[in-house]
Amino acid sequence: YAGEWQVDETMEALSLEAVEMARRLGEEGPLASALRARWLAVWGPDGLDERTALADEILELARTTGDREMELVGRARRAVGAIEAGDIGAAEADIAAHAELAEQLRMPYHQWVAASLRAMRTLLQGSPGRAEERAQEALALLPARLDAIYTHLNQVTQIRWDQGRLGELQATWQAMV
């Protein structure tokens, strides 16, 4: 466990340094990358406020530069933060805006992200059957991509847990590891 804590401290320090360095350079591309990395570095229950601010900054940077893909990243990350904060209206607005832009740009990865966010939102609304359908729709967009496979399995795992049928996935999880 001590080794994991050191990795966390290193990640904390390096992600802060990357953001500071990118700000000094004054270049949007490196700053966007550093902000995205920092968002991941502060993942956890104590990082919500900072992740929300980072997502907002990513979105502002996207607007300033006209980088539509960066906008997709910012909206997805802001939607996740809004869900964590219990701000369902904001989450739904960002999910809808993300999905619309992903369709306009015809970017398969971001179309999958949008579909996965919709599945997550549906699950949180207490509609496990519809959530499972949406999770399957998301997986169908990128069926061979590992993060899509794991995201789908994580979503179905939550559904099976809620249904008291978690044991049905034991063989699937064992095959994945």
Query - When residues of segment 123-140 are limited to those that are out of contact with any Ser or Thr (no Cβ under 9 Å at 6 or more places or on another chain) and of a type in the set (A, V, I, L, M), the one most open to solvent (accessible area, probe 1.4 Å) - result: LEU124
Report task. Go through segment 35-85 residue by residue and tally those that are over 12 Å from the mean Cα position of the chain (by Cα) and over 23 Å from LEU123 (Cβ atoms). Result -> 26
**Report entry** Output for segment 27-54, where each listed residue is among the aliphatic types (A, V, I, L, M) and in contact with a Gly (Cβ under 7 Å, 6 or more places away or on another chain)
**Finding:** LEU48
Report task. Kindly provide the set of residues from segment 145-177 that are outside any helix (DSSP H, G or I), open to solvent by 90 Å² or more (accessible area, probe 1.4 Å) and either of a type in the set (Gly, Ala, Ser) or under 28 Å from MET107 (Cα atoms) (or both), ordered by number. Result -> ARG145
Query raised in the report: Quick check, is MET21 in contact (Cβ under 8 Å) with a residue 12 or more places away in the chain, in contact with a Leu (Cβ under 7 Å, 6 or more places away or on another chain) and part of a helix (DSSP H, G or I)?
Result: no
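What number of residues within segment 134-177 satisfy the criterion of being hydrophobic (A, V, I, L, M, F, W, C) and more than 23 Å from ALA114 (Cβ to Cβ)?
As a first pass, look at segment 134-177 and keep what is hydrophobic (A, V, I, L, M, F, W, C): 135, 138-142, 144, 146, 148-149, 153, 156, 159, 161, 166, 169, 171, 173, 175-177.
Retained after the next criterion (residues that are more than 23 Å from ALA114 (Cβ to Cβ)): 161, 166, 169, 171, 173, 175-177.
Of the residues in segment 134-177, 8 are hydrophobic (A, V, I, L, M, F, W, C) and more than 23 Å from ALA114 (Cβ to Cβ).
The values are calculated or read from the model by the stated rules, or taken from the named source; none is laboratory data. What you see is a predicted model; the values in this text were computed from it and never measured. In this analysis, Cβ positions are derived from the backbone assuming ideal geometry, glycine residues included, and neighbour counts consider all displayed protein chains. Each accessible area value is taken on the protein alone, full model and side chains, heavy atoms only, with ligands, DNA and RNA left out. Shrake-Rupley method; radii C 1.70, N 1.55, O 1.52, S 1.80 Å.
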